[in-house]
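Some notes on the structure that comes next.
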Amino acid sequence: MRPDWSIFRRWEGLLLILLILIVGYNALSTPGYLTVGNWVNLFQLSIEKIIVALIMTFIIINAEIDLSVASVMGFSACMMGFLFAGGMPMEWAIAGGLLAGFVAGLFNSFWIGIVGLPSLVVTLAGLIGYRGLAYVLLEDRSIGEFPAWFDRLGQQPLIGPFPLALIVFFVLLIFAIIVLQYSGFGRYVYVIGNSKDVARYSGVRVRRTKMILFVVSSTVAALAGILYAARLGAVRGDMALGFELDIITMVLLGGVSIFGGTGTMWGVLLSVLIILNLRNGMGLANFSGHVQTGVIGVLLILSVLVPNLAGTVQAALKRRRARTVEVVAAE
Amino acid sequence: MNTIRRRFQPEQIRELVLIALIIGILIFFGTQIDNYFSPRTFTRISTSVAVIAVVAVGQTLVILTRNIDLSVGSIVGFTAYIVGTILSINNDIPPVAVVLMAVAMGAVMGSINGLLVAYGRVPAIIVTLGTLAIFRTVLVEISGANSVLTNELPRWLVNLPPVNAFTLGPLDIRLLFFLAVVVVIIFQLVVSYLPWGRRLYAIGSNPDAARVAGFPAQRIIFTAFVLSGALAGLGGFMFLARFGNITVVAGQGIELQSVAAAVVGGVNINGGLGSPFGAFLGAILIDVLDNSLIRWLAISEFWRDALLGLLILLAVATDTVIMNRLRKVWARHELQVSGDGEPPAEKGGAGYAA
């Protein structure tokens, strides 16, 4: 039986090869790289972004974008800090932070679903506006001194070697894979991303699907923001500033088309692993954080440019072959 | 009503509304803030609007073609820093050469974006998200974390911001603001009258039709990115002149401000609608609000960004809801005219692509 190589022609296959190369290189050059402790640490350093990347995958496959996630993270965490500093018990403050994210999501969905504005504009306004609300709440103060159990949840392992944020991520990941790849709702997300009109004429409730996604997106972002606050042990108006670019890069590098309709959760998972290992490897090799960001920027552009160029070359080759065949046939 | 219809296009009415809104905001803050209507307020607003206006014009050219340029903030920072460094090493470079150098540097970076978008067929949001990071990385790496300092710069540059182009009654028109206005006027004329400018609208409103019609879409999109980069380079020069002290994070956030100015000014994010003049008005509106909220004692200045976000939403919502209705009224009118056997009215201004 011939082995099935077709997976390597798909985007996920390329990502898998890249990942194996990077992990292999890191493992050979750094002893102790492949230990559980190092990998937990690896995830822990960007876990909040990865959690948001899961829901961002749904949004981009749906041919929309949510630029406001990082600001919602900051806004929700600041709301939590604000309520806590105002004397509310921590549990209620956390609920208040989550509620703030949920309301932000409802607000985004209203403008996108009911008024019908492009999500790029709505969430650009959200990016500026929710960040602004975070500053309104805390001005230039920083709020810390949370109860010890809260800081411990963010920083200490909860089950085995895994801290809470990592467990939240794994649960959400399994849930996201099931919903996106194996449920009716997931199929709708793809169908709408492929063609909004076709979806509507086929009886898919386009508006409702989009609105659900944006509410979930902001709520998940709020959860991530609170986890981030627990890890840092303090909240400030500018927390999670600029995270949206990293999050979107993770999703796009995973083979999700910015025009919607294509991409899988597996691809995004691979791209997350690549980015984490690449950053970690470059960090170990003493490259600054800025260089790491630059390299990921290059990778992002190449991830679309290379398949495009390959497609062009392939088409040209096919044309030439067709011409040769014609010539041979004519003779 | 008919005379209004014949005289104006919906887009021009939108610009009038924007002007009315700016005047309304000015009057409101005039009643709230002591000594608001002073030449100093005008100087303050006109100085800070200059940089963002120039960048927003470039952004408009790109958005008109249904693309977006998120790298302009990094280009502004890059040119401001590099030109500043070169000037602090060699104080004797003539001013004109300095400006040209900044513009050329921006154009080179813009052409990288343009090549990848137009010829590499990579979506603009991906390319410019990438170059946003890449240009900044290159800057941080070559800078070695040093800063450009005002006292190392030549005198003429440090003394440039308070120089007046001319005075208008009690108002001082600063040279940098005047430069920005000239840029706006030039590009307003370009997009209104030159074939290249009209094609920006054609490509943005229907890329497929533009290609079928035989427009060199790739070349036009490429040029739009080069110009956006060049204008960001000019913005970098103005940024350097205005602040003097430049760190490696200079210009961060200008990409979103320029998009916000364009969108508030009626440039449609889906391409094909809007004008540099509109983006200029959008930049002014945002800046007036910015500068006034800082001085308004009724609410904390921290409300600034929250209100700005809401303003963008309202501006775009008005655009989609009211403008669509207006355009329908105009279209119906034109349909009637052509139905009577007369040629449809000459379309002017930005209404071409509607």
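The values are calculated or read from the model by the stated rules, or taken from the named source; none is laboratory data. This one's a predicted model, so the numbers in the text were calculated from it and none came from an experiment. In this analysis, Cβ positions are derived from the backbone assuming ideal geometry, glycine residues included, and neighbour counts consider all displayed protein chains. In case anyone asks, the SASA skips ligands and DNA or RNA and just uses the protein heavy atoms, side chains included. Shrake-Rupley method; radii C 1.70, N 1.55, O 1.52, S 1.80 Å.
Among the conditions (1) within 14 Å of chain A (Cβ to nearest Cβ); (2) open to solvent by 60 Å² or more (accessible area, probe 1.4 Å); (3) without any contact (Cβ under 8 Å) to a residue 40 or more places away in the chain, B:PHE178 misses just one, which is (1).
Being open to solvent by 30 Å² or more (accessible area, probe 1.4 Å) and either within 13 Å of chain B (Cβ to nearest Cβ) or in a helix (DSSP H, G or I) (or both) is true of A:PHE170. On the given criteria, is B:LEU129 farther than 30 Å from A:VAL313 by Cα and of a type in the set (A, V, I, L, M, F, W, C)? Against the criterion (farther than 30 Å from A:VAL313 by Cα and of a type in the set (A, V, I, L, M, F, W, C)), B:LEU129 does not qualify. Taking segment B:93-130 as the range and being open to solvent by less than 40 Å² (accessible area, probe 1.4 Å), farther than 24 Å from B:GLY253 by Cβ, touching a residue at least 40 places away in the same chain (Cβ under 8 Å) and within 14 Å of chain A (Cβ to nearest Cβ) as the test, only B:ALA118 passes.
Of note, B:TYR81 does not satisfy the criterion of being touching a residue at least 60 places away in the same chain (Cβ under 8 Å) and open to solvent by 40 Å² or more (accessible area, probe 1.4 Å).
Remark: B:LEU189 falls outside the filter, which requires a residue to be crowded, with 21+ Cβ neighbours inside 10 Å, more than 24 Å from A:LEU245 (Cα to Cα) and aliphatic (A, V, I, L, M). On the stretch given as segment A:301-331, residues that are over 22 Å from B:VAL138 (Cα atoms) and either facing another protein chain (nearest Cβ under 7 Å) or surrounded by 12 or more Cβ atoms within 10 Å (Cβ to Cβ) (or both) total 5. Would you call A:PHE150 more than 8 Å from every other protein chain (Cβ to nearest Cβ), aromatic (Phe, Trp, Tyr) and either part of a strand (DSSP E or B) or touching a residue at least 40 places away in the same chain (Cβ under 8 Å) (or both)? When the stated conditions are applied, A:PHE150 passes them. Considering segment A:105-155, and only residues there that are of a type in the set (A, V, I, L, M, F, W, C) and more than 27 Å from A:MET56 (Cα to Cα), the residue that is surrounded by the fewest Cβ atoms within 10 Å (Cβ to Cβ) turns out to be A:ALA148. Look at segment A:205-221: where a residue is within 13 Å of A:THR123 (Cα to Cα) and among the hydroxyl-bearing types (Ser, Thr, Tyr), no partner that is open to solvent by 10 Å² or more (accessible area, probe 1.4 Å) and not in a helix (DSSP H, G or I) sits 6+ places away or on another chain with Cβ atoms under 8 Å.
If you go through segment A:284-300 and keep only what is open to solvent by less than 40 Å² (accessible area, probe 1.4 Å), at the interface with chain B (Cβ under 7 Å from one of its Cβ atoms) and more than 17 Å from the chain's Cα centre (by Cα), you end up with A:VAL291, A:GLY294. Taking segment A:66-87 as the range and being open to solvent by less than 10 Å² (accessible area, probe 1.4 Å) and closer than 30 Å to A:ASP197 by Cα as the test, the residues that pass are A:ASP66, A:SER68, A:VAL69. When B:THR223 is tested against (1) crowded, with 23+ Cβ neighbours inside 10 Å; (2) in a helix (DSSP H, G or I); (3) polar (S, T, N, Q), just one condition goes unmet, and that condition is (1). Looking across B:GLY309, B:GLY271, one residue alone is at positive phi, surrounded by 19 or more Cβ atoms within 10 Å (Cβ to Cβ) and not charged (D, E, K, R). It is B:GLY271. Is there a residue being under 13 Å from the mean Cα position of the chain (by Cα), within 13 Å of another protein chain (Cβ to nearest Cβ) and over 30 Å from A:LEU153 (Cβ atoms) anywhere in segment A:234-252? So far as segment A:234-252 goes, yes, one or more of its residues are under 13 Å from the mean Cα position of the chain (by Cα), within 13 Å of another protein chain (Cβ to nearest Cβ) and over 30 Å from A:LEU153 (Cβ atoms). Can you find, within segment B:312-333, the residue that is nearest to A:LEU138 (Cα to Cα) among those that are open to solvent by less than 30 Å² (accessible area, probe 1.4 Å) and more than 7 Å from chain A (Cβ to nearest Cβ)? Per the criteria, the residue is B:ALA315.
Residues that are of a type in the set (D, E, K, R), surrounded by fewer than 21 Cβ atoms within 10 Å (Cβ to Cβ) and modelled with pLDDT of 75 or more within segment B:285-303 comprise B:ASP290, B:ARG295, listed in sequence order. If you take the residues of segment B:249-268 that are in a loop (DSSP other than H, G, I, E, B) and open to solvent by less than 30 Å² (accessible area, probe 1.4 Å), which of them is farthest from B:GLY204 (Cα to Cα)? Residue satisfying both the conditions and the ranking: B:ALA250. Only residues that are within 25 Å of the chain's Cα centre (by Cα) and open to solvent by 30 Å² or more (accessible area, probe 1.4 Å) were counted across segment A:25-34, and they come to 1.
Taking helices (runs of 4 or more DSSP H) that do not extend beyond segment A:31-142, which have at least 2 residues that are at pLDDT below 90 and out of contact with any strand residue (DSSP E or B) (no Cβ under 6 Å at 6 or more places or on another chain)? The qualifying helices (runs of 4 or more DSSP H) are A:36-45, A:119-138.
A:ARG231 meets the conditions (1) touching a strand residue (DSSP E or B) at 6+ places or on another chain (Cβ under 9 Å); (2) more than 30 Å from A:THR30 (Cα to Cα) in every case but one. The failed one is (2). Number of residues in segment A:173-190 that are under 16 Å from A:PHE43 (Cβ atoms) and open to solvent by 60 Å² or more (accessible area, probe 1.4 Å): the value is 1. When residues in segment A:256-284 are screened for being touching a residue at least 12 places away in the same chain (Cβ under 8 Å), out of contact with any Leu (no Cβ under 9 Å at 6 or more places or on another chain) and more than 29 Å from A:VAL191 (Cβ to Cβ), 3 of them pass.
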